[in-house]
Amino acid sequence: MGIGYGPADEQLEKQIGCVKYTLFCFNIIAWMISTALFALTVWLRAEPGFNDWLRILEAQAFYIGVYVLIAISIIMMAVSFLGCLSALMENTLALFVFIGTQIFGFIATVAGSAILLQYSTINSSLQPLLNVSLRRFVSTSEYSYSNYVLTMIQENIGCCGASGPWDYLDLRQPLPSSCRDTVSGNAFFSGCVDELTWFFEGKTSWIVGLAMLMAMLSVICGVMSFVLVQAVKKEEEQASNYRR
């Protein structure tokens, strides 16, 4: 393989070399991105304060997408090495296996990102969970634990109630001082459901961005691997024709 018998064969060999080493470089980049994605998702899952908030608010469904992306980032780190080896060896079977893993990686990455967004954006499945939990805390705000949770959230985020200060009025509870701006003394107009959702969305934006970049690289690597397979097959056919 790789033996040139004329100008056309030499040109094909150069093209194979170009595709092969470009694919190798893309796999190195993919490995770096999947490593960064793994680090960010593990950090998000292990962050103590963030984890405590989700546990208190009973919104740990947020972590479903995180778990999917942790798993796929580990797989794609390993697959990147397979891509490098299969490209350098010009092994068509290994390249076909690599193409299959890239298709799987693309689907799984997009699915994991979609699930994560489904539990971390405005008008997502996260907001009803937060609304139920926060309204329950507001309705029992006379108890020390509920008051502690509401104070922690409202003072740190700068919000009031689930959807606004009228939640306290609707549930016949006094408006606490944590619902007011310490400078102006005015009540926070924004509800904690929207403010928390924006807070969670900010936490996941970089993760989803990296995941989409990794999915795009999966498409590029898959296409380049297919081009390399066709080129290697053509080279093998030409070599066999010369031997006859």
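With respect to the conditions (1) in a helix (DSSP H, G or I); (2) buried (at least 16 other Cβ atoms within 10 Å of the Cβ); (3) more than 14 Å from the chain's Cα centre (by Cα), Gln230 lacks only one, and its number is (2).
When the residues of the range 33-72 are narrowed to those that are polar (S, T, N, Q) and open to solvent by less than 10 Å² (accessible area, probe 1.4 Å), which ends up nearest to Ser205 (Cα to Cα)?
Thr41
I'd like to check something: does the range 202-217 contain any residue that is over 30 Å from Gly83 (Cβ atoms) and either in a helix (DSSP H, G or I) or open to solvent by less than 70 Å² (accessible area, probe 1.4 Å) (or both)? Yes, the range 202-217 contains at least one residue that is over 30 Å from Gly83 (Cβ atoms) and either in a helix (DSSP H, G or I) or open to solvent by less than 70 Å² (accessible area, probe 1.4 Å) (or both). Cβ separations smaller than 8 Å between residues 6+ apart or across chains give the following pairs from the range 78-92 residues that are modelled with pLDDT of 85 or more to residues that are open to solvent by 10 Å² or more (accessible area, probe 1.4 Å) and among the β-branched types (Val, Ile, Thr): Val79/Thr101; Ser80/Ile28; Leu82/Val97; Leu82/Thr101; Cys84/Ile28; Ser86/Val97.
Name the single residue, out of those in the range 15-32 being under 18 Å from Ala78 (Cα atoms) and among the aliphatic types (A, V, I, L, M), that is most open to solvent (accessible area, probe 1.4 Å).
That would be Met32.
Matching residues to (1) on the phi > 0 side of the Ramachandran plot; (2) in contact with a strand residue (DSSP E or B) (Cβ under 6 Å, 6 or more places away or on another chain); (3) among the β-branched types (Val, Ile, Thr); (4) at pLDDT below 90:
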site: Phe188; (1), (2), (3), (4): no, no, no, yes
site: Glu195; (1), (2), (3), (4): no, no, no, yes
site: Ile220; (1), (2), (3), (4): no, no, yes, no
site: Val232; (1), (2), (3), (4): no, no, yes, yes
site: Arg244; (1), (2), (3), (4): no, no, no, yes
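Among the candidates Ile103, Ile107, the residue that is assigned to a helix (DSSP H, G or I), of a type in the set (A, V, I, L, M, F, W, C), free of Cβ contacts under 8 Å to residues at least 40 places away in the same chain and open to solvent by 50 Å² or more (accessible area, probe 1.4 Å) is uniquely Ile107.
Restricting the range 181-197 to residues that are touching a residue at least 12 places away in the same chain (Cβ under 8 Å) and of a type in the set (S, T, N, Q), which is most open to solvent (accessible area, probe 1.4 Å)? So, considering only residues that are touching a residue at least 12 places away in the same chain (Cβ under 8 Å) and of a type in the set (S, T, N, Q), the one most open to solvent (accessible area, probe 1.4 Å) is Ser190. Filtering the range 144-167 to residues that are without any contact (Cβ under 8 Å) to a residue 24 or more places away in the chain and within 15 Å of Ser178 (Cβ to Cβ) leaves Ser144, Tyr145, Ser146, Tyr148, Met152, Glu155, Asn156.
When the range 159-173 is limited to residues that are in contact with a helix residue (DSSP H, G or I) (Cβ under 7 Å, 6 or more places away or on another chain) and not in a helix (DSSP H, G or I), the one that is nearest to Ala39 (Cα to Cα) turns out to be Cys159.
Is it the case that Ile153 is assigned to a helix (DSSP H, G or I), surrounded by 20 or more Cβ atoms within 10 Å (Cβ to Cβ) and in contact with an Asp or Glu (Cβ under 9 Å, 6 or more places away or on another chain)? Here the answer is yes, as Ile153 does meet what is asked. Only one of the listed residues (Leu69, Leu95, Leu117) is in contact with an Asp or Glu (Cβ under 9 Å, 6 or more places away or on another chain) and in contact (Cβ under 8 Å) with a residue 40 or more places away in the chain. That residue is Leu117.
The values are calculated or read from the model by the stated rules, or taken from the named source; none is laboratory data. Note that the structure is a prediction, hence the values are computed from the model and not measured. We place every Cβ from the backbone using ideal geometry, glycine too, and count neighbours over all the protein chains shown. Remember, those area values only see protein heavy atoms, side chains included, never the ligands or the DNA or RNA. Shrake-Rupley method; radii C 1.70, N 1.55, O 1.52, S 1.80 Å.
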